[in-house]
Structure formats: C-alpha cells, structure tokens
Amino acid sequence: MFGRSRSPRPFGSCCDELRQALEEVPNPQFRVEANGVLFMVIGSIKSQEGVGLLDHAVLFCPFCGTKLQDRSAVAAAGSGGSRR
C-alpha cells in the first residue's frame, strides 16, 4: 500500500525502504489517516488497560530524509496526535 498523501507524490515514492515498510500488512509502525497525514509509532507503554501507543506525524522519511509533509499542512489537517 502506497500511502495516500496530501502532497502530489504518494508516501513511499522517495525510497524502497519506506515503500516496503508501508506495504507491510498489518503495519503497527506506520499508518496514513483518512486526512492524508502519515504517522509513525515512536513509543509504547503497557498498562492495566492495555498497550498505549505514542505516535507522531512523519515530516521527513526516516530512511532517506526526504521531506514528506509540511508541519503547517499537518496542523491544518487537524491531526496533532490522533488515536487509532
């Protein structure tokens, strides 16, 4: 699955590593929200209620460094820390 993005290029078009990571199903590390924002899990914690995940919008590809999203566009999408 190439991720739908708010930019003209789909997520994963910058390098094979990100493309492969996004194609992995199920993918617990990356997800693209309905508003087109790409998120990556950056931490987790186990509690009595279950596992809690901390995610963050991916502004730059974690593999090649290509800019994927603009901070202002992510903020405009209204997804500053959405939940799954």
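Quick note: the coordinates plus some simple rules give every number you see, no bench work behind them. Source: prediction; values computed, not measured. Cβ sites come from the backbone with ideal geometry, for glycine too, and all protein chains shown count toward neighbours.
Structure values in brief
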| item | result |
| --- | --- |
| Spacing of the two label points (7 Å from each Cα toward its C-beta) at C64 and A76, in nm | 2.5 |
| Distance between modelled label sites at E23 and Q48, nm, 7 Å Cα→Cβ extension | 4.5 |
